[in-house]
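Reviewing the structure listed below.
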Amino acid sequence: MKTEDQPTDTRAGFVALIGEPNAGKSTLLNRMVGAKVSIVTHKVQTTRARIRGIAIEAKAQIVFVDTPGIFRPRRRLDRSMVAAAWGGASDADIVCLLVEAHRGLTPGVRAIIDALKEHKVSAPVALVINKIDRVKAEALLALSAEANAEYPFAHTFMISAERGHGAADLGEWLAQTLPLGPWLYPEDQIADLPMRMIAAEITREKLTLRLHEEIPYQLTVETENWEERKDGSARIDQLIYVARPGHKGIVLGKGGETIKAVSTAARAELEEFTGRKIHLFLQVKVRENWLDEAERYNEMGLNFRDGDG
Ligand SMILES: Nc1nc2c(ncn2[C@@H]2O[C@H](COP(=O)(O)OP(=O)(O)OP(=O)(O)O)[C@@H](O)[C@H]2O)c(=O)[nH]1
Ligand SMILES: [Mg+2]
């Protein structure tokens, strides 16, 4: 029989992925977990809350915590997002700071390093230079030296989260560096986010990919209802909240073509994720002050009060 006092050679813990918006944090989380747990787009501020994805590496269970990008926040939602990112970092056993190889030490990255210097987190911080597929090797060495002169990083990795280069080395190091202890989740669990939230995120990703300018930043998606059907399929009803009356028509598109395309793409991905037939029903609602409603933040997994200006 196993008791809690027994010595164990397993390791487990939380690894927070932080960085500027668009650094590739969610791409890296999905790569390490081996499944799409967190949504990815080419736009900034895609991830809005902390998303946990779980990977097993040798005897270690690594709980990756994807976080919203860290930037200078202006709106309430932005402040809540940035607070969630720093919260993820301060709860972690190891922090990975992702820096884009081709952008280097931008003012935004320097501001994050300054916050780290002010002991915003106590965990060791690894520097993860991402998107190495976009630059020449010489540039990487210069960037690594420059960054390590600014902060005592525990380790430096050069990776391409999209293509996979360097991901195995990072996983190995994390597995060796996490504290000894029992695993935190059942071994077949890959995410710690309710299915209804994953489903809402998938729809938000498809909307973000199709809509332009400010609209993706001013909408939110909630799963209202999830009904299991006798034939093994599920009916999912979701609400898309937009902040302006004019945005509703844009989300619907001419003759409803935009929402139709979003729905088709989201349903396909949901079916792949759940391995079952899905009936997806989307409805668009204008709610001019949703960005100031505590309930919307709770639904997203954010702390409303963190957004107090
Ligand atoms: N070329 C290249 N592109 C990458 C790489 N990793 C991620 N990307 C791209 O970078 C963009 C942003 O990726 P995300 O994973 O959404 O970035 P993020 O840091 O989670 O962004 P936020 O959630 O907005 O903070 C996407 O278009 C990715 O496909 C990489 O290794 N190489
Ligand atoms: Mg992200």
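Quick rundown of the values:
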{"item": "Criterion violated by Asp9 - all others in (1) away from ligand 2 (no atom under 16 Å from the Cβ); (2) part of a strand (DSSP E or B) satisfied", "result": "(2)"}
{"item": "Single residue of Ala23, Ala85 found to be within 12 Å of ligand 2 (Cβ to nearest atom) and closer than 17 Å to Tyr151 by Cβ", "result": "Ala23"}
{"item": "Residue identified as within 26 Å of Leu302 (Cα to Cα) and free of Cβ contacts under 8 Å to residues at least 40 places away in the same chain among Ile94, Ile190, Ile113", "result": "Ile113"}
{"item": "Pair list, Cβ under 8 Å, 6 or more apart: the stretch 10-32 residue over 13 Å from Leu174 (Cα atoms) and touching a residue at least 60 places away in the same chain (Cβ under 8 Å), other residue basic (Lys, Arg) and within 11 Å of ligand 2 (Cβ to nearest atom)", "result": "Ile18/Lys25; Gly19/Lys25; Asn22/Lys43"}
{"item": "Single unsatisfied condition, Leu17 versus (1) closer than 14 Å to Ala161 by Cβ; (2) in a helix (DSSP H, G or I); (3) touching a strand residue (DSSP E or B) at 6+ places or on another chain (Cβ under 7 Å); (4) within 9 Å of ligand 1 (Cβ to nearest atom)", "result": "(2)"}
{"item": "Condition check for Tyr297: at pLDDT 95 or above, in a helix (DSSP H, G or I) and under 27 Å from Trp86 (Cβ atoms)", "result": "yes"}
{"item": "Qualifying residue in the stretch 56-70 (condition: within 15 Å of ligand 2 (Cβ to nearest atom), touching a helix residue (DSSP H, G or I) at 6+ places or on another chain (Cβ under 8 Å) and small (Gly, Ala, Ser))", "result": "yes"}
{"item": "Hits in the stretch 33-86 (condition: more than 17 Å from Ile18 (Cβ to Cβ), in contact (Cβ under 8 Å) with a residue 24 or more places away in the chain and charged (D, E, K, R))", "result": "Lys36, Lys43, Glu57, Lys59, Arg75, Arg76"}
{"item": "Check on Val44, among the hydrophobic types (A, V, I, L, M, F, W, C), within 12 Å of ligand 2 (Cβ to nearest atom), farther than 16 Å from Gly13 by Cβ and surrounded by fewer than 19 Cβ atoms within 10 Å (Cβ to Cβ)", "result": "yes"}
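The values are calculated or read from the model by the stated rules, or taken from the named source; none is laboratory data. The structure displayed is predicted, hence computed values, not measured ones. We place every Cβ from the backbone using ideal geometry, glycine too, and count neighbours over all the protein chains shown.
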